[in-house]
1. Looking at the chain, which longest stretch skips every one of the chymotrypsin sites (Phe, Trp or Tyr not before Pro) that is in a DSSP loop with at most 15 other Cβ atoms within 10 Å, leaving the sites themselves out?
2. Excluding same-chain residues fewer than 8 positions from LYS101, which lysines have a Cα within less than 21 Å of its Cα?
3. From the C-alpha gyration tensor of region 5-224, pull out the three semi-axes of the equivalent ellipsoid (sqrt of 5λ each), sorted largest to smallest, in whole Å.
4. Dipole magnitude of the chain about its Cα centre, charges +1 at Lys/Arg Cβ and -1 at Asp/Glu Cβ only, in debye to the nearest 20?
5. Compute the helix-to-body angle for 279-309: its Cα long axis versus the longest principal axis of the chain, expressed 0 to 90° and rounded to tens.
6. Report the extension gain between ALA392 and ASP347 in nm, rounded to one decimal, defined as 0.36 nm multiplied by the number of residues separating them, less their alpha carbon distance.
7. Of GLY147, SER470, ILE226, which is farthest along the charge dipole of the chain in the positive direction, counting Lys and Arg as +1 and Asp and Glu as -1 at C-beta?
8. Name the shape class, rounded, prolate or oblate, that the alpha-carbon gyration tensor gives for region 492-631, where a ≥ b ≥ c are the square roots of its eigenvalues, rounded holds for a/c under 1.5, and otherwise prolate holds if a/b is larger than b/c and oblate otherwise.
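Every number in this text was worked out from the coordinates using simple rules, so none of it is lab data. Everything numeric in this text was worked out from a predicted model, so none of it was measured. Here Cβ is always computed from backbone atoms with ideal geometry, including for glycine, and neighbour counts include all displayed protein chains.
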Amino acid sequence: MWHTETDIFALAIFVIMLLKTVRTAGRADRQHKALVVVLIVSIVSCVVDYVSSTAMNLNDNWLCYQISLTLYYVLMPYVTASWMLYMVFLISAEDDKSLRKRIILIMLPVVCYSAAALTNPLTGAFFTLTKDMEYSRGPLFWPLAVGFYSAYSLAGLVILFINRRLVTPKSNMLFLSTFFVSSIVIPVIQSLIPGCLIAEPAYAVLYILCDATVEEEKRNRLMGTIQEQNAALTQAASAANAANAAKSEFLSRMSHDMRTPLNGIIGMTYLTREMELPEKARENLGKIDTSSKFLLSLINDVLDMSKAESGRIELHPEPYPFGDFCSYLDAVIRPLCAEKRQVFVFDAAPIEGYTPLVDITRLNRIYFNLLSNAVKFTPEGGTITLKIREEALQAEHIRFTITVSDSGIGMSEEFQEHLFEPFMQENRDDSSNMRGTGLGLAIVSRTVEAMNGTIRAESKKGRGTSFIVSIVSPCVKRSGPEEAAAVRAAAPDFSGLAGRHVLLCEDHPLNQEIARAMLTGKGILVQLAEDGQKGVESFATSPAGYFDCVLMDIRMPVMDGYEAAKAIRALDRPDAGTVPIVAMTADAFADDVQKCLDAGMNGHISKPVEPDAMFVTLSSVILPSGGEKAR
């Protein structure tokens, strides 16, 4: 009796494993392809063995049994040969030129064996079968059917051991060695017990166990790879953070070191222009002033763009009264238009009783970039218009729409598609040497995005340009008197600063000279301290309420500006907590401003110092009618 149930069991396992392998063979490497071949050969072997065993059990189909059993002997070594091929693929490189030779050496003995088995119906070399279904083994059964099979498997085991270092993953060593050892032993056992068909089910069970081992190792290797990648990502992130911190420190120092000499150039130019000079000298100084301020704008653009591209635009909302904004326009924008004899039209309709909460520095930068662009690309005598409309929203929010228009040279439609990309400039025919870096609008766009706003442009060649910005911001109810919405064309009045006492903490001799001259020019009484520690000592030894304001440089020897400000605030005297302290420094990044506020200062003036902007800030923190104190 031949036990065909073992063939059914093995066939089911091999079919399941084939489906699993095919489903995961999307990676389609040669190892997967070899496994598919192994399983197909195993399935064919199971089918042939089942057919021949069934025919023998039925005892009435001599021809079917003769053909099926002959095919079984013909195909028997191909199962082992397929595993040999799988092993060869494991130990051979993709471009191994000897791979074909190895395949031929593996298949040649098998083909010869199959040819001998195929002649069995004529020679009876492997088995004979009478018409009465009497089965007996032929003279070559043991040396070929068993001996060849075992020797062939032993050769595979030897080859595997010799090339063990090349087999990956290592669990394949267990996989293949177990199979080859079984292929040596199982044919002997099955030959001794003819009715016990253990080869196919044994191979099927071994395949499942070894496949599970290989998959477990793959999972372990995958987890190891993931852990290595996570460690590498963590290390890369740490390196990126360190590089970003180093970059920020470098940019901060570079900004400081470039702004400091520019402060000397712009400051001395301002002081010299206040003197009685020939007209030609005034013209030359005007050109120096224009060029130095243009250089400052380029520095600002490059540094701001670096911040924007690294995603480090930080917003620090605070109340921005309409009067303070008007003072900013008077101090910064109107002089730009006046230099080119352009008409500046300011049309604003703020909502009465409410003050928006915005990042004042960032918002002013948007205004400055858009308006300075309009001035730059509008001929002398042209018109620059700033129109602001506010709309009250629910939950105490305001939407304000900013429109900056000019009567300048305009832009082509093609260029407008790339308008907000960094370093983009239209190839115009004008010969202006004030073309800039092409970063201003890119900075504006990124800043508006950081404020969750939108910006768009409308322009035609030769017909001017309009930029429309829409921003929604929270607001607070105004408790003070109503602010006038009228446009203030007259220059601001700083006469109230005369006679005020200011402690100037500044270590740079040229900056001392410039700041002292500017302040004394408005009648302000200045006391100088050459470093932060001397500044603290000067304040501590002065009568209470003597100083109306402290102007504090940041990078000073002995004690820097942050430490000095904290030390003044910590003094045990009534005016220590209330005296206005304003940073006046070349550290001009937004986070530099925030560090000053965190140190207890009331405001920030960036170098190079714009005189009117400085006096506006001093008025706001010193004079009772100067508006809200800067925070």
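1. Free of exposed loop sites, the longest segment is 1-422.
2. Those lysines meeting the cut-off are LYS33.
3. In descending order, the three semi-axes are 32, 19, 15 Å.
4. Once rounded to the nearest 20, the dipole reads 1700 debye.
5. Helix 279-309 sits at roughly 30 degrees to that axis.
6. Working it through step by step, the gained length comes to 14.4 nm.
7. After comparing all options, I get GLY147.
8. Because its axes are fairly even, with a/c under 1.5, region 492-631 counts as rounded.
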